[in-house]
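The values are calculated or read from the model by the stated rules, or taken from the named source; none is laboratory data. These numbers come from a predicted model, not from an experiment. Here the Cβ positions follow ideal geometry from the backbone for every residue, glycine too, while neighbour counts run over all protein chains shown. When the accessible area is computed, the model is the full protein with side chains, heavy atoms only, and any ligands, DNA or RNA have been set aside. Shrake-Rupley method; radii C 1.70, N 1.55, O 1.52, S 1.80 Å.
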Amino acid sequence: MADPLAWCAGELGRLEREDLRRHPATLSSPQGPEVVVGGRWVIQLCSNDYLGLAADPRLRRAAAAAAGRWGAGSGASRLVSGTSDLHRRLEASLARLKGREDAIVFSSGYLANAGTIPALAGRQDVVFSDELNHASIIDGCRLSGARVVVYRHADVAGLERALCSVEARRRLVVTDTVFSMQGDLAPVPDLARVCERHGAMLMVDDAHATGLLEAGAGAGIVMSTLSKALGSAGGFVAGSRDLVEWLRNRARSYVFDTAPPPAAVGAAIEAVRIIAAEPHRGPDVVAAAARLAQALAGLGYDVGQPSAAIVPVFVGDGPDGMALSSRLLEHGIFVPAIRPPSVPPGTARLRVTVTAAHTEEHLAAAVEAFASVRRGAGPRQPRPHPAPVGGIDPRILGAGGVFVTGTGTGVGKTVVAAALARTLQGAGLAVAAMKPVQTGTSEGADDLAFIRAAGGVPAARCVAPYALRRPLAPSVAARMEDTTLDPGRIVDDFRRLRGQTDVVVVEGAGGLLVPFSDSTDMADLASALGIPLLVVALPGLGTLNHITLTLEAATTRGLEIAGVVLCGFPAEPGLAEATNPGAIAELAGVVPHLAGLDVDRGIVPPAFEPEPWLVGRLGGSFDVAAFLRLLSRCGELV
Ligand SMILES: Cc1ncc(COP(=O)(O)O)c(C=O)c1O
């Protein structure tokens, strides 16, 4: 029998022929100003993560904590299995954020629109909708069964004429606040006046304004999303107590949808807190977007005036947009083209967005790339990606770095970092070394000097941005020395080193959760650098607990584990040392140890040649033969 779904392949072929088939890029890094596309770090100019919060360590922690406390799922619709106080707490904070009596949370912004509009208007009613409104509004209008009057974009007079001529039981005017593909602002105060004159309800979709602009005043119904500036997922509507209560009873995408997962809710609560505590973020982004628009217009591009963070660069037809987008990617800028049917025919564009995570350097590099493309200049050749090197974890090569951390202090991180640097260089790679912060300099501590001497890393490629006198946790030492440590500086220095070398070996301070600044710890640094962890531990009794705690903390922060190294393995292992490698294999899936290194005596081990043990281990594989050799050395104890 013929496949009744065969038409799918035919239709996909048609989309392909008409150049309309979507092939989204695959990212192998979290959201951020730089992302990995096709194995290469590029500057991202297309995310709606406007305040740079999606990968903010505070949101990651809040999401993990909420999942830990409340579980992964919400069980059912809130009308079926009850509501959690976590969800209610988020709604209260969103109501405060929008200055309304109450708020209701949906699983997405799309569902907020798809449920709210039909709850407000039905067959006897009329919805007046701006012609450039978002698809979720259009779909909400369709689902409502109401008559829909589409008015010209931002045309208040046209809307008023329509209101004068169309009578109905209820009338609802709905508009994006900041238009998602155009970046301009709806005339909300004028719309509010017209609606008031004609007794119509006004609903604004603040998806691209929340966190950036105060723009919805005068609207009785404020819809927005948690998935853009708030860095999480979900949607909401804020308004009067009665409105919200009505939606809880009648919005089908609330009534018949499982409540958003605790992790998303926890992250959103933290985002709202950050927005209130750091009010400069939004205005900074809006100002940066305006500067970028001006710079691109100065290069001769057809640029729309941004009202928030969206800078449209118009390119006419779809193929032109695709060509510009792929030229920019060659120049290290990731900004896909938006084509029909997402925008009207003939108005394809690059939808450039600016976020709080972009630095001046990112934006200058973006302008330079647009300028080069306009001049027809070829891209500067990026450093070629190092070819796979036998046994070395491809994740380290792909990320361009590895973060050496420990289960505590004094476990041998520096020795392992030096051995690692030596090993990587022995494999023909260009290596840099970085110590984000060196503490205890008054006692002569200088880990980079050791890595330079024992690891053979050239001095010019050894960077320690901060040095603190006291042998304390960095944030504590910094406070006592009246200074502050900036994680952004570490990220900038790391990126610079990574641009010059194949692998940057970064040695953290103390263990993984040691505080770096007031709001970040070592795990946050590793996550901001986007590199996997190499965990150094002692081999003896107690190490299983320490390793497990470290691995669990790493996993909840989304960090990858390149390996676990047992440092200072004794020449004559005791029972614990002999059995721990096997136990760690079960815990971590990797069995490492670095025989022959003795950090306690501070000796530079003679065997710093490429270590077969280490190389194999960085590949994440368990070298059974070597393990058996080890066991045979302490056979009488096993
Ligand atoms: C204007 C507008 N409204 C609603 C949505 C839907 O929000 P969400 O992504 O949370 O579903 C979007 C974007 O996706 C949007 O741009």
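The order of the peptides 225-233, 152-160 by mean Cβ neighbours within 10 Å, most packed first, is 225-233, 152-160. To the nearest Å, what is the center-to-center distance of region 435-497 and region 64-115, using C-alpha atoms only? Distance between centres, Cα-based: 43 Å.
The label-point distance for residue 364 and residue 556, in a model that sets each label 7 Å from Cα toward Cβ, rounds to 4.0 nm. For residue 435, the lysines whose Cα falls under 30 Å of its own Cα, not counting residues fewer than eight places away in the same chain, are 413. Ignoring lysines fewer than eight residues from residue 98 along the same chain, the ones with Cα atoms less than 18 angstrom from its Cα are 228. The long axis of helix 262-277 is offset from the longest Cα principal axis of the chain by roughly 80 degrees.
Rg/Rh for region 293-366 stands at 0.95; both radii use Cα atoms, and Rh follows the Kirkwood definition. Once the chain from residue 250 to residue 23 is taken as fully extended at 0.36 nm per residue, the excess over their C-alpha distance is 78.0 nm. Working from Cα pairs under 8 Å separated by at least six residues, relative contact order for the chain is 12 percent.
May I ask for the net charge around residue 159, where only other residues with Cβ less than 12 Å from the Cβ of residue 159 are counted and Lys, Arg are +1 while Asp, Glu are -1? It works out to a net charge of 0.
Between the helical axis of 575-588 and the longest alpha-carbon principal axis of the chain there is an angle of about 20 degrees. Normalised by the number of residues in region 422-500, the average gap of Cα pairs under 8 Å and 6 or more apart makes the relative contact order 31 percent.
To the nearest ten degrees, helix 318-330 and the longest principal axis of the Cα atoms of the chain are 20 degrees apart. Between residue 167 and residue 123, the simple label model (points 7 Å from Cα in the Cβ direction) yields a spacing of 2.1 nm. If you take all other residues with their beta carbon under 11 Å from the beta carbon of residue 272, and give Lys and Arg +1 and Asp and Glu -1, the sum is +2.
Under the rule a/c < 1.5 gives rounded, and otherwise a/b versus b/c splits prolate from oblate, where does region 1-107 land using the Cα gyration tensor? Oblate, since a/c reaches 1.5 and b/c is not below a/b.
Along its principal axes, region 246-396 has C-alpha extents of 59, 51, 34 angstrom, given from the largest down.
When a 1.4 Å probe is rolled over the protein heavy atoms, the share of accessible surface on region 86-245 that falls to carbon and sulfur comes to 50 percent.
Start at zero, step by 10 Å, and the Cα-Cα distances of region 147-296 spread as 10, 33, 35, 19, 4 percent across the bins. DSSP beta bridges fully contained in the chain are about 40 percent antiparallel.
Relative to the 2.2 N^0.38 Å rule of thumb, region 164-233 has a C-alpha radius of gyration ratio of 1.18.
Here is how the number arises for the chain: DSSP H runs of 4 or more residues each give -39500 (n - 2.57), the sum is divided by the residue count, and the result at 222 nm is -12500 deg cm²/dmol. Per residue, the solvent-accessible area of the chain (1.4 Å probe, heavy atoms of protein chains only, all protein chains present) comes to 42 Å².
Maximal additional length on extending the residue 586-residue 9 stretch stands at 203.2 nm, based on 0.36 nm per residue less the C-alpha distance.
Each peptide in 128-135, 499-506, 476-483 receives the mean, over its residues, of other Cβ atoms within 10 Å, and ordering these scores from highest gives 499-506, 128-135, 476-483. Taking the protein heavy atoms of region 382-525 in the context of the full set of protein chains, the accessible area attributed to carbon and sulfur is 53 percent at 1.4 Å. Highest-first packing order for the peptide set 203-209, 507-513 is 203-209, 507-513, based on the mean count of other beta carbon atoms within 10 Å. Taking the square roots of five times each eigenvalue of the Cα gyration tensor of the chain, the equivalent ellipsoid has semi-axes of 52, 28, 24 Å, listed largest first. Two numbers describe the Cα atoms of region 67-109: Rg and Dmax, which are 11.4, 31 Å.
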